[in-house]
1. What are the pairs with Cβ atoms under 6 angstrom where one residue, in the range 95-110, is closer than 18 Å to Leu145 by Cβ and assigned by TED's automatic domain parsing to the domain that holds Leu287 and the other, located anywhere, is modelled with pLDDT of 95 or more and not polar (S, T, N, Q)? Sequence gap at least six, or different chains.
2. Taking the range 279-294 only, how many residues are in contact with a helix residue (DSSP H, G or I) (Cβ under 7 Å, 6 or more places away or on another chain) and free of Cβ contacts under 8 Å to residues at least 60 places away in the same chain?
3. Which condition from (1) at pLDDT 90 or above; (2) buried (at least 20 other Cβ atoms within 10 Å of the Cβ) is the one that Glu140 breaks?
4. Taking Cys147 as the residue in question, decide whether it is under 24 Å from Ser238 (Cβ atoms) and in a strand (DSSP E or B).
5. Kindly evaluate Arg144 against the criterion of being touching a residue at least 60 places away in the same chain (Cβ under 8 Å), more than 19 Å from Thr30 (Cα to Cα) and more than 19 Å from the chain's Cα centre (by Cα).
6. Just for the range 306-362: of the residues that are assigned to a strand (DSSP E or B) and among the hydrophobic types (A, V, I, L, M, F, W, C), which one is farthest from Ser388 (Cα to Cα)?
7. Can you confirm whether Gly185 is in the same structural domain as Pro117 (by TED's automatic domain parsing) and not hydrophobic (A, V, I, L, M, F, W, C)?
8. Based on this model, can you work out whether Leu278 counts as outside any helix (DSSP H, G or I), modelled with pLDDT of 95 or more, over 26 Å from Leu98 (Cβ atoms) and not aromatic (Phe, Trp, Tyr)?
Amino acid sequence: MSFSCQWSERVSSFSREDWERCFDPGNVLTSYSLQQALERSQLVEGFHYLSLRQEGKLLAIISCFSLSYSLTDLSAPGAQRLMAGLRKLFPGLLKPRLFMVGSPLATCTHMLGIVLPPEDPGYPDLIRSMEREINRKASELGIRLLCLKEFDHRLSQSLALAWQGRFLVCRSPDTTYVYTRAVAGLDYVENMRSRYRDVLKKRKKAFAAAGLRWELVRDFAPHVDVLHRLYLNVWQRSRFRFERLTPAFFHAVNEALGDQASVLLCLDGERIVAFELLLNGQRLHPLYLGVDYDYQGGGALYFNCLYRAIEEAQSQRQALVELGQSSYEAKFSVGAVSARRYFHIKHAHPLGHFLLSRFKRWLFPTPRLPAPRRVFKCEEAYLQALKSEGVL
């Protein structure tokens with residue numbers, strides 16, 4: 001099966017209709033509008049879009065980008081500290097340019113906009129055509145390292161069969177979900193075991209006693225400088241440092257996404273002490289968090305950010321809120337359940353690929369997660385509700 005392939009450098013090369021033929025229009029994380037915002041955010045070297053057609057019919061849009069990336073960002077803390085020391089002498093050590101297929105944001109969502117389902121007989125041929133094209137494009141850009149992210153278990157297996165061993169399959173940090181609707185006739189708080197419900201009430205009481213309040217803001221342009229500073233506070237403390245956002249990102253998202261983007265401000269008087277950037281489609285995504293760690297007023301800020309995101313999903317009648325990667329202990333304690341994510345990576349040179357394979361466990365160790373919590377009285381019904389939403 002043959003396909004005609006074409007590369008473009010801007011999402012505007014496609015109509016919104018064509019984009020939404022390949023990507024779920026209900027998923028804000030893969031939306032045309034978010035991609036427009038990303039192009040204006042100054043996060044990467046450049047974007048590259050591959051379209052594949054058969055007899056003139058559009059079958060796929062593959063969203064890619066290039067950037068320099070630290071290969072040790074997912075390593076164990078000890079390895080990261082060692083590398084930080086070595087980079088004082090060798091600043092570019094293990095920071096190659098990568099050709100990435102996916103989003104530059106930590107969305108836990110892939111960017112393979114393929115019309116054909118994995119079980120279609122033509123799917124393996126399309127994947128191989130895509131692989132040949134991204135190999136060629138990366139070579140044209142002088143890049144030897146290729147990576148595709150973020151896949152759930154089922155799609156990762158389908159791709160691995162098509163690759164036939166040409167890519168290494170690695171675990172990304174898991175994403176996390178909370179189901180926000182009633183289970184077995186009990187709402188989210190009612191379903192909690194008394195231990196967790198009492199802790200929730202105590203933290204919310206501390207929040208109120210500190211005089212803190214929440215405000216949902218649709219136009220957050222006036223607050224971008226503060227939001228960016230608070231975001232960097234969290235980013236600098238994070239074990240997994242993914243993309244580093246720019247002020248331009250916040251401005252672009254505010255302008256491009258309209259009602260699909262908003263910010264929850266946590267205020268002490270008029271001072272912003274924390275925030276959550278919310279993207280809203282078929283699911284609610286509290287995509288980024290910022291905290292003022294100099295704030296001494298108490299109020300259990302981080303946990304109340306989690307509770308408030310869940311409440312916002314409930315107010316919007318969303319069944320799910322995706323809490324993303326990292327801080328698993330805290331997220332598990334509010335009822336979040338993890339779902340695996342994978343990325344596929346290879347080096348264009350055989351020796352480079354051999355070394356990548358040899359040091360895979362050191363560079364990309366399997367994530368170590370804390371034990372899941374039994375937060376809810378109707379735990380099995382809660383897990384079944386998540387499965388019914390297709391996330392487990």
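1. none
2. First, pick out the residues of the range 279-294 that are in contact with a helix residue (DSSP H, G or I) (Cβ under 7 Å, 6 or more places away or on another chain): 279-281, 284-286, 288-293.
Filter again for free of Cβ contacts under 8 Å to residues at least 60 places away in the same chain, leaving 284, 286, 288-289.
Counting residues in the range 279-294 that are in contact with a helix residue (DSSP H, G or I) (Cβ under 7 Å, 6 or more places away or on another chain) and free of Cβ contacts under 8 Å to residues at least 60 places away in the same chain gives 4.
3. Going through (1) at pLDDT 90 or above; (2) buried (at least 20 other Cβ atoms within 10 Å of the Cβ) one by one, Glu140 breaks only (2).
4. Numbers: under 24 Å from Ser238 (Cβ atoms): yes; in a strand (DSSP E or B): yes.
Yes; evaluated as a whole, the condition is true for this residue.
5. Values: touching a residue at least 60 places away in the same chain (Cβ under 8 Å): yes; more than 19 Å from Thr30 (Cα to Cα): yes; more than 19 Å from the chain's Cα centre (by Cα): yes.
The answer is yes for Arg144.
6. Out of the qualifying residues, it is Ile345.
7. On the way: in the same structural domain as Pro117 (by TED's automatic domain parsing): no; not hydrophobic (A, V, I, L, M, F, W, C): yes.
No.
8. Details: outside any helix (DSSP H, G or I): yes; modelled with pLDDT of 95 or more: yes; over 26 Å from Leu98 (Cβ atoms): yes; not aromatic (Phe, Trp, Tyr): yes.
Yes.
The values are calculated or read from the model by the stated rules, or taken from the named source; none is laboratory data. It should be emphasised that the depicted structure is a prediction, and the values quoted were computed from it without experimental measurement. Cβ atoms come from the backbone with ideal geometry, glycine included; neighbour counts cover every protein chain shown.
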